[in-house]
1. List the pairs whose first member sits in the range 169-185 and is within 12 Å of ligand 2 (Cβ to nearest atom), whose second member is aromatic (Phe, Trp, Tyr), and whose Cβ atoms are under 9 Å apart, counting only residues at least 6 apart or on separate chains?
2. Determine which member of the set Val154, Val162 is modelled with pLDDT of 90 or more and in contact with a Pro (Cβ under 9 Å, 6 or more places away or on another chain).
3. Of the residues that sit in the range 109-134 and are in a helix (DSSP H, G or I), under 18 Å from the mean Cα position of the chain (by Cα) and not aliphatic (A, V, I, L, M), which one is farthest from Pro90 (Cα to Cα)?
4. Return a yes/no flag: does the range 67-86 have any residue that is surrounded by fewer than 16 Cβ atoms within 10 Å (Cβ to Cβ) and on the phi > 0 side of the Ramachandran plot.
5. Can you tell me which residue is surrounded by the most Cβ atoms within 10 Å (Cβ to Cβ) among those in the range 173-183 that are within 12 Å of ligand 1 (Cβ to nearest atom) and over 14 Å from Val128 (Cα atoms)?
6. Evaluate the range 142-159: report whether one residue or more is away from ligand 2 (no atom under 16 Å from the Cβ) and within 25 Å of Val82 (Cβ to Cβ).
7. So is Ala91 within 19 Å of Ile40 (Cα to Cα), surrounded by 16 or more Cβ atoms within 10 Å (Cβ to Cβ), of a type in the set (A, V, I, L, M) and modelled with pLDDT of 95 or more or not?
8. Across the range 150-172, what is the number of residues that are in a helix (DSSP H, G or I) and more than 6 Å from ligand 1 (Cβ to nearest atom)?
Amino acid sequence: MDDITSTNPVAVGDEVEIEPEPDTDNSAMINEIFDRRNYINRQSPRFLHQHHIVAANLDQSLMVATFKEPKTSQGFIDRFLVASEAYHVPAVIIFNKADLYKTKELEKFQLWKAMYEAIGYKVLLISVMDNMGIDEVKTLLTNKTTLISGHSGVGKSSLLNVIFPEMKLKTQDVSGWSGKGQHTTTFAEMFDLPFGGKIIDTPGMREFGLVDISKQELSHYFPEMRSRLSDPSRTRARAPWAPRCAR
Ligand SMILES: Nc1nc2c(ncn2[C@@H]2O[C@H](COP(=O)(O)OP(=O)(O)OP(=O)(O)O)[C@@H](O)[C@H]2O)c(=O)[nH]1
Ligand SMILES: [Mg+2]
């Protein structure tokens, strides 16, 4: 268990044993937290020596990114992918707000898609606004437990509302002043999907700080490095970070 250094001993997705509290309406006490199959954690933004468990017992994690309003950096995506690899959660990258992309952003998308697909990640281009690519996302979510994360304002809650309108999650415009999201979703919450599966909406993150990964270990969480690590001659022949330098 992570009860020593994590800011939240119980996380969304945890399986627990509860005991109803007598003389209360719906309150119960958690008696036991069962072992986690996996989880995603990140550095606590407030206490740098502690970590925060974003969610547990996941089948997959979706990183919602965009090139516009607000831009997602490659470093942010990579740190999220490393955390997913480290804790054995398959990750998918979804670029939203395609309706706002011009030629420059579309070219960049093609470049990044090729780069991430070459190392085994699924990459989708969608627009919640134009209802584009939504069926593919639904197929991806069916009968799975999925964590959805990304910066504030990228459209995580909007995506869930279009998939399942009864959810009626609160959404809010990206601030015209800062160009950033306004942290509309404030806590992680899990919902049952009508077509089978569960989805966890989370508050937007400014940064995704990695925890508990040593320098020596880090390369193991880059799929393109793993194959080179087992073959030293290839490591020398080509810089291992080459596949991820597209900007
Ligand atoms: N143009 C455009 N705007 C979108 C799209 N998807 C979402 N938005 C807008 O982006 C803004 C932010 O959306 P939210 O769903 O609140 O974003 P979020 O990722 O849940 O943000 P936090 O809860 O703060 O983490 C809203 O004004 C949405 O209407 C899209 O495909 N295209
Ligand atoms: Mg939200």
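The values are calculated or read from the model by the stated rules, or taken from the named source; none is laboratory data. These figures come from a predicted structure and were not determined experimentally. Positions of Cβ are backbone-derived with ideal geometry, glycine not excepted, and every protein chain shown enters the neighbour counts.
1. From the range 169-185, the pairs are Leu169/Phe191.
2. Val154
3. From the range 109-134, those in a helix (DSSP H, G or I) are 109-118, 134; that's our starting set.
Subsequent filtering for residues that are under 18 Å from the mean Cα position of the chain (by Cα) retains 112-113, 116-117, 134.
Now restrict to residues that are not aliphatic (A, V, I, L, M): 112-113, 116-117.
Working: Trp112: 18, Lys113: 17, Tyr116: 13, Glu117: 13 Å.
Result: Trp112.
4. No, there is no match, as no residue in the range 67-86 is surrounded by fewer than 16 Cβ atoms within 10 Å (Cβ to Cβ) and on the phi > 0 side of the Ramachandran plot.
5. Result: Gly181.
6. yes
7. Judged against the criteria, Ala91 is a match.
8. Selection size over the range 150-172: 8.
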